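Enquirer: Sharing a structure with you now.
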Amino acid sequence: MSALHAVVRPEGLEAIVGTDDAAWLAAEARKAHDRVERYDGADGAAGLFGEEDASDGGGGVCEGGDGWVEWLDLFFVASAVQWPPAPYLKYHSSIGAIGHGDVVWAAGEELARRILAHEAPFEAVGMGTRVLELGAGCGLPSLAAAHGGADVVATDAPVAGGIVALAATARRMGPTFDGRLRVRRLDWGDAAREGPFDVVLMADIIYAPTAHEKLLGTLRGVFEADPKAAAVVAFCLHGNAPDDKVMAFFDRARERGLEATEVDVVQRGASESMRGVIMATDPKRARVHTWVLRVSE
């Protein structure tokens, strides 16, 4: 891996992540490359990160000398994989982005399924719908929405591996979309930089009660920009915190003038991605609760 290619921004990156995030990622790439260089001097990392082992060396849009291959290696981004229920949707993941782009969870699968089927509460999501995903991870719901014609901004925490994986997905899948997919880093509590939005997607991100106030802070900005917007919350109760503490998210939402309505509960099987990282014997890990938040009339 050459030092030059390791730090040059991949072709088309700014169009996907914006100018600010492209500059931030370039700085993160330089840090990652420096770590590889230091490790190489001690333990011979070149054999682990050589171009012959490039993450997407099998072909496709990330092939070639446009900088993407080197960045996928730097940030431990895996080759794109198909989502079995809809093989035309392919996503990247990153083992360097634990919790922010390494696993497709059941709640994300359920949101993607509903979007593709135009099932409640997504009957009207389609061409031109403005969609924001919070805590996008591997971005499967965002992919489904962009495939159907929505203008999507997929966001996640400022973890470089996760953002690069999302950007690589957007680049690979972009020519197949009827809509478009952009990627941004976003700390919960901050306002989304684009908008207004019609729909907010939230897949398995309320499991930590300590994050509830920050999530509601970001949602406040969405609803202030468009009081007719809706936030769709899909989640599983899987033991990260007591169930009542997780469900308290909706009580806090009501206290802030939002109407919180349960849609249904669907028992799914553990996703292929989940089975790779957890002992998926507890059905609660794949029992998806779906709720909708709107501004109370």
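Enquirer: Yes or no: the range 240-249 includes at least one residue that is over 18 Å from residue 156 (Cβ atoms), touching a Lys or Arg at 6+ places or on another chain (Cβ under 6 Å) and assigned to a loop (DSSP other than H, G, I, E, B).
Expert: Scanning the range 240-249, I find no residue that is over 18 Å from residue 156 (Cβ atoms), touching a Lys or Arg at 6+ places or on another chain (Cβ under 6 Å) and assigned to a loop (DSSP other than H, G, I, E, B), so the answer is no.
Enquirer: Might you check whether a residue that is crowded, with 24+ Cβ neighbours inside 10 Å and under 19 Å from residue 187 (Cβ atoms) occurs anywhere in the range 116-131?
Expert: Checked against the condition, which is being crowded, with 24+ Cβ neighbours inside 10 Å and under 19 Å from residue 187 (Cβ atoms), the range 116-131 yields no hits at all.
Enquirer: OK, next. Residues in the range 223-236: is at least one under 16 Å from residue 284 (Cβ atoms), aromatic (Phe, Trp, Tyr), assigned by TED's automatic domain parsing to the domain that holds residue 185 and surrounded by fewer than 20 Cβ atoms within 10 Å (Cβ to Cβ)?
Expert: At the first step, the residues of the range 223-236 found to be under 16 Å from residue 284 (Cβ atoms) are 234-236.
Filter again for aromatic (Phe, Trp, Tyr), leaving 235.
Next cut, assigned by TED's automatic domain parsing to the domain that holds residue 185 only: 235.
Remaining after also requiring surrounded by fewer than 20 Cβ atoms within 10 Å (Cβ to Cβ): none.
Scanning the range 223-236 turns up no residue that is under 16 Å from residue 284 (Cβ atoms), aromatic (Phe, Trp, Tyr), assigned by TED's automatic domain parsing to the domain that holds residue 185 and surrounded by fewer than 20 Cβ atoms within 10 Å (Cβ to Cβ).
Enquirer: Moving to a separate point now. Could you count how many residues in the range 68-105 are part of a strand (DSSP E or B) and under 14 Å from residue 167 (Cα atoms)?
Expert: Start the filter on the range 68-105 by keeping residues that are part of a strand (DSSP E or B), which leaves 77, 81-83, 86-91, 94.
Next cut, under 14 Å from residue 167 (Cα atoms) only: 77, 90-91, 94.
So the answer is 4.
For every residue, the table says whether it meets (1) surrounded by fewer than 24 Cβ atoms within 10 Å (Cβ to Cβ); (2) farther than 12 Å from residue 138 by Cα; (3) in contact with a Phe, Trp or Tyr (Cβ under 9 Å, 6 or more places away or on another chain).
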site: 83; (1), (2), (3): yes, no, yes
site: 86; (1), (2), (3): yes, yes, no
site: 89; (1), (2), (3): yes, no, yes
site: 94; (1), (2), (3): no, no, yes
site: 97; (1), (2), (3): no, no, yes
site: 100; (1), (2), (3): yes, no, no
site: 103; (1), (2), (3): yes, no, no
site: 111; (1), (2), (3): no, yes, yes
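Enquirer: Identify all residues within the range 154-165 that are crowded, with 24+ Cβ neighbours inside 10 Å, of a type outside the set (D, E, K, R) and free of Cβ contacts under 8 Å to residues at least 60 places away in the same chain; write none if there are none.
Expert: Listed by number, the residues that qualify are 154, 155.
Enquirer: Regarding residue 185, is this residue out of contact with any Leu (no Cβ under 8 Å at 6 or more places or on another chain), of a type in the set (D, E, K, R), touching a residue at least 12 places away in the same chain (Cβ under 8 Å) and assigned by TED's automatic domain parsing to the domain that holds residue 135?
Expert: Details: out of contact with any Leu (no Cβ under 8 Å at 6 or more places or on another chain): yes; of a type in the set (D, E, K, R): yes; touching a residue at least 12 places away in the same chain (Cβ under 8 Å): yes; assigned by TED's automatic domain parsing to the domain that holds residue 135: yes.
For residue 185, the condition - out of contact with any Leu (no Cβ under 8 Å at 6 or more places or on another chain), of a type in the set (D, E, K, R), touching a residue at least 12 places away in the same chain (Cβ under 8 Å) and assigned by TED's automatic domain parsing to the domain that holds residue 135 - is met.
The values are calculated or read from the model by the stated rules, or taken from the named source; none is laboratory data. Small disclaimer: the values here were computed from a predicted structure and weren't measured. Reconstructed Cβ throughout: ideal geometry from the backbone, glycine too, with neighbour counts over all protein chains shown.
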